[in-house]
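Read-outs: derived from the displayed coordinates by stated rules, not from any lab. Since we're looking at a predicted model, the values are computed, not measured. Reconstructed Cβ throughout: ideal geometry from the backbone, glycine too, with neighbour counts over all protein chains shown.
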Amino acid sequence: METKHKRRDRLYIMAEILTIAKDGCLKTQIMYRANLSFAQLNEYLSFLTKLCLLKVQNENRKNTYRTTAKGDKYLKKYEDIADLLGTNEEN
């Protein structure tokens, strides 16, 4: 059996982070669930918050990351494109 390692593109990783953060998540939870290094995670979180796709909220003295309405819109558009191209892994 041949194992193929599929490289994840930037848009896919962004969608994955936004999906994970829909109900609010801590930084470490996002890092482990999205399978990213700490450096990669910081880069993506910074980028997504600058674009207002993700917001940071201080809950119980901890920073919680949550997907914004704009982030939800991105996810919907990403899913539409993935469906159109036949690359949506859920199909």
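Points to keep in mind about this one:
- Residues 23, 80 arranged by fewest to most Cβ contacts within 10 Å: 23, 80
- The chain: most fluctuating residue of 12, 78, 32 per GNM, C-alpha cutoff 10 Å: 32
- The number of Lys pairs in the range 10-85 with C-alpha atoms less than 16 Å apart, excluding pairs fewer than 8 positions apart on the same chain, is 11.
- Counting neighbouring Cβ atoms within 10 Å and putting the fewest first, the residues 87, 19, 67 line up as 87, 19, 67.
- Global dimensions of the chain from alpha-carbon coordinates: Rg and Dmax equal 13.9, 48 Å.
- Placing +1 on each Lys and Arg Cβ and -1 on each Asp and Glu Cβ, with no other charges, gives the range 48-91 a dipole about its Cα centre of roughly 520 debye.
- Relative contact order (%) - the chain, alpha-carbon pairs under 8 angstrom, separation at least six: 29 percent
- Ranked 66, 7, criterion: other C-beta atoms within 10 Å, fewest first: 7, 66
- Neighbourhood net charge (12 Å Cβ-Cβ; Lys/Arg +1, Asp/Glu -1) for residue 43: +2
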